[in-house]
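Before I ask anything, let me first share the structure, which is written out below as structure tokens.
Where a number appears in this text, it was derived from the coordinates with a stated rule and is not lab data. Worth saying up front: this structure is predicted, and the values here are computed from it rather than measured. Here the Cβ positions follow ideal geometry from the backbone for every residue, glycine too, while neighbour counts run over all protein chains shown.
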Amino acid sequence: MSIATRTGDQGKTSLMYGRRVDKFDPRVETYGTVDELNAALGLARAHAELPLVKTELLLIQKQLVALMGELAVAPQDSERYAKDKYPKLAPEMLQHLDDLVAQIEREKISFDGWATPGATVASGALDVARTVCRRAERLVARLAASNEIDLLVIRYLNRLSDLLWLMARYTETKAGAAEKK
């Protein structure tokens, strides 16, 4: 089977379970942005030198695949999705991000005021991922306003963007490239 199915040639795509929607549908825009975030995290992971950052980014990328699955399901199919036991974000995943934030905050991270991205390639890639994460969070919040998304998703993305900011500063500090005022 070819990757080029041609089923999207008219500007439509399928959600999970086959519902056809416009490619500009807010749900498609949202899970597409989470996919973009996953790719940005892959780039950040490829440039990461710190084992903690590399390991945790891979775990987060795998969690984002589950999140994209959740987002790709129309509300009418959510019961079927649950019945089929596809992976979903869980409170433990949010707790893990909280624990990582606390762990990194215990390190002596150097920053003063607003950080300017790009002190290192790895920290710059983390900051790009952070900004994509914030955009994904805004899009999820829009879907949540119409009661179509579990609020855990917003909390997860909000915490993830905080974590990515910290990881960027942590990376700069460990590389001796922290910004000086």
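Can you find, within the range 2-38, the residue that is surrounded by the most Cβ atoms within 10 Å (Cβ to Cβ) among those that are charged (D, E, K, R) and assigned to a helix (DSSP H, G or I)?
Filtering first and then ranking leaves 27.
Go through the range 1-38 and report how many residues are among the polar types (S, T, N, Q) and touching a Leu at 6+ places or on another chain (Cβ under 8 Å).
Here the count works out to 3.
Still on this model: Name every residue in the range 128-168 that is surrounded by fewer than 21 Cβ atoms within 10 Å (Cβ to Cβ), part of a helix (DSSP H, G or I) and acidic (Asp, Glu), in order of residue number.
Listed by number, the list holds a single entry, 162.
Could you please let me know if residue 105 is more than 20 Å from the chain's Cα centre (by Cα), acidic (Asp, Glu) and within 21 Å of residue 125 (Cα to Cα)?
Yes: the conditions hold for residue 105.
Also, I was wondering about something else. Looking at the range 115-127 only, could you name the residues that are of a type outside the set (A, V, I, L, M, F, W, C), buried (at least 17 other Cβ atoms within 10 Å of the Cβ) and either in a helix (DSSP H, G or I) or on the phi > 0 side of the Ramachandran plot (or both)?
Correct list: 123, 124, 127.
This table checks each residue for (1) over 22 Å from residue 25 (Cα atoms); (2) touching a strand residue (DSSP E or B) at 6+ places or on another chain (Cβ under 8 Å); (3) touching a residue at least 60 places away in the same chain (Cβ under 8 Å).
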| site | (1), (2), (3) |
| --- | --- |
| 91 | yes, no, yes |
| 95 | yes, no, no |
| 105 | yes, no, yes |
| 117 | yes, no, no |
| 138 | no, no, no |
| 155 | yes, no, yes |
| 166 | yes, no, yes |
